[in-house]
1. Which number in (1) of a type outside the set (Val, Ile, Thr); (2) at the interface with chain B (Cβ under 8 Å from one of its Cβ atoms); (3) surrounded by fewer than 20 Cβ atoms within 10 Å (Cβ to Cβ) marks the one condition that residue A:301 misses?
2. Looking at B:239, B:278, B:260, can you tell me which residue is within 27 Å of residue A:295 (Cβ to Cβ) and outside the structural domain of residue B:159 (by TED's automatic domain parsing)?
3. May I ask you to verify whether residue B:309 is more than 9 Å from chain A (Cβ to nearest Cβ), surrounded by fewer than 24 Cβ atoms within 10 Å (Cβ to Cβ), among the charged types (D, E, K, R) and outside any strand (DSSP E or B)?
4. Could you pull out the residue among B:209, B:234 that is at pLDDT below 95 and within 10 Å of chain A (Cβ to nearest Cβ)?
5. Quick one: which strands (runs of 3 or more DSSP E) lie wholly within segment A:1-67 and hold at least 1 residues that are farther than 21 Å from residue A:155 by Cα and within 13 Å of another protein chain (Cβ to nearest Cβ)?
6. Going by the structure shown, is residue B:151 part of a loop (DSSP other than H, G, I, E, B) and aliphatic (A, V, I, L, M)?
7. crowded, with 23+ Cβ neighbours inside 10 Å, in contact with a Leu (Cβ under 6 Å, 6 or more places away or on another chain) and over 22 Å from residue A:10 (Cα atoms) - does that describe any residue in segment A:89-105?
8. Quick check, is residue A:278 within 13 Å of chain B (Cβ to nearest Cβ) and farther than 22 Å from residue B:24 by Cα?
Number of protein chains: 2
Amino acid sequence: MKKIINDANQVVQDMVDGLVAANPTTLKQVPETFVVVRKDAPVKGKVAIVSGGGSGHEPAHAGYIGKGMLDAAVCGEVFTSPTPDQVLEAIKAVDGGAGVLLVIKNYTGDVLNFEMAAELAEMEGIQVEKVIVNDDVAVEDSSFTTGRRGIAGTIFVHKLAGAKAASGASLEEVKSVAEKVVANVRSMGMALTPCTVPAAGTPSFQLAEDEMEIGMGIHGEPGINCGLIASADEIATTLTEKILEDYDFSGEVAVLVNGLGATPEMELYIVNKKVHALLADKGIRIYKTFVGEYMTSLEMAGCSVSLLKLDEELKELLDAESLAPAFRI
Amino acid sequence: MKKIINDANQVVQDMVDGLVAANPTTLKQVPETFVVVRKDAPVKGKVAIVSGGGSGHEPAHAGYIGKGMLDAAVCGEVFTSPTPDQVLEAIKAVDGGAGVLLVIKNYTGDVLNFEMAAELAEMEGIQVEKVIVNDDVAVEDSSFTTGRRGIAGTIFVHKLAGAKAASGASLEEVKSVAEKVVANVRSMGMALTPCTVPAAGTPSFQLAEDEMEIGMGIHGEPGINCGLIASADEIATTLTEKILEDYDFSGEVAVLVNGLGATPEMELYIVNKKVHALLADKGIRIYKTFVGEYMTSLEMAGCSVSLLKLDEELKELLDAESLAPAFRI
């Protein structure tokens, strides 16, 4: 295992310390937790948005904390759901009296623990709603999940629900936007290499020097096809076509070409070129494109493609100001 | 070689196409070149800033094109200097009548080719100045360079000279700021793994499973020490102390903890934690911190640390608006 760490059992603590040290004017840590919140939290009268999950997906989710996006991120151990009490601390730290929306990626542990936290918060008089993101079209029911997994499309939920909350909308309205994004976003990924959870010390799976896996999850869950490495154009085509088969994207979309951790930006742009060509062929208009590392899987090499179908409301929310360091608009 | 590409000899073309496709409202390509410029170039009456070099360091340099930063980036073949005629095309495309500053990383090929382009441009009546960035304290004279190499500290030259140019300053004033940044910035890096140039197909060097190299260049040039992998704290200490030995950073600084391509953001934050502790011990105040991938080396795992000594003028320029996608302020 080649990693720049001190202690494999201390990586989340060290990361949170380094993250808050880097952003002293915009972030703060809830003492004795791995919960990171906006420095000005709670924002009185604004609906707050909380996300999180296992660590190892940086910049998800703490990089999305900021005006116009998230109020808090709960950082679990690597690829491990945060406990309900940590999520509860996040909810309590950011509730400004207008309620809290939890944005949960669909993994069984996350769903259970965030739901339990919501119940605990409600017992303390805080209004909590939740949305579950399940954008990954690759597989139904995988290692850690019932139904479809939540992957990079989650970033659009953060962004658009965050913009709605910043506009002064009610909890019900913010939740409704989040649900609309979930309904309109689809993603799929592929991997060239596995990654290693620090505390485990060895890769979670193996791929031969000439192999790739299509439909891989962001924790190394099996995909739909393990085969020889294809060209960038073939990979882009496989991912995009599977997404387009799943939902009617006719009209206008946002595109996210996401790197999983070790993929050079050069390769992501090469994939993007083909995604644009494929969508142009289908007459689908691209409103905005995002290329980079938004939802990673430690040092996994690979990428995912996400499409979000847009209408006028969603375009306006996508364009609204965001001061989150990992998603500045 | 595991890469998401179509043709190893076509990666720069495909990348530039995908990059411009992703940013249609802010970027344009100079036809029949690998030169990318601001969509609104030339900006009349503004000093223009041109950088570039071999590709493979993304987001350097095209990600730094935007209001408040670069006007053009010249994308050479991977790890290969762009030719003088390409640099000349960039200069011609962005000159708004106030002259052009070339920001050159100190590699012999880049220096020669950018200087030749400057001469050609001057023959066409365009006023051109240049600065050479040589922030890497690791070694004097390495594989491709006489003197010290230019690495991640270059980003600060782009940012601060870009801000000065955006303020309406003269070419002489912009050059003077760039020179001040060069004089005040120092960097050093380390690698856990090599990277593979697509057209070469095999890694440029080898490191054993338990080895790292300190002082490695961003093209895999040898460093000062190849040894067993140390802890994050030891790595941060080695890099930071060598930088501090080289220049008097007492006062206030900006910190850049840069990932080389395959290093999880988690590890960069762990390094940042220690860098902050080391600077606090020395009584050096941190004005701003940047953590992420700013100057990469394809899929190399590793990081670099850069420090920039600040005064009131440099702080103001660092804080000025930048709309470059890879350095939004």
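The values are calculated or read from the model by the stated rules, or taken from the named source; none is laboratory data. What you see is a predicted model, and the numbers here were worked out from it, not measured in a lab. Methodologically, a virtual Cβ is constructed for each residue, glycine included, from the backbone with ideal geometry; neighbour enumeration extends over all protein chains shown.
1. (3)
2. On the way: B:239 fails: within 27 Å of residue A:295 (Cβ to Cβ); B:278 fails: within 27 Å of residue A:295 (Cβ to Cβ).
After ruling out the rest, the residue left standing is B:260.
3. Values: more than 9 Å from chain A (Cβ to nearest Cβ): yes; surrounded by fewer than 24 Cβ atoms within 10 Å (Cβ to Cβ): yes; among the charged types (D, E, K, R): yes; outside any strand (DSSP E or B): no.
Taking the combined requirement at face value, the residue does not satisfy it.
4. Working: B:234 fails: at pLDDT below 95.
After ruling out the rest, the residue left standing is B:209.
5. Numbers: elements: A:27-29, A:35-38, A:48-55.
Because the criterion is at least 1 residues that are farther than 21 Å from residue A:155 by Cα and within 13 Å of another protein chain (Cβ to nearest Cβ), the strands (runs of 3 or more DSSP E) in segment A:1-67 that meet it are A:27-29.
6. Values: part of a loop (DSSP other than H, G, I, E, B): yes; aliphatic (A, V, I, L, M): yes.
Yes.
7. No.
8. Numbers: within 13 Å of chain B (Cβ to nearest Cβ): yes; farther than 22 Å from residue B:24 by Cα: no.
Here the answer is no, as residue A:278 does not meet what is asked.
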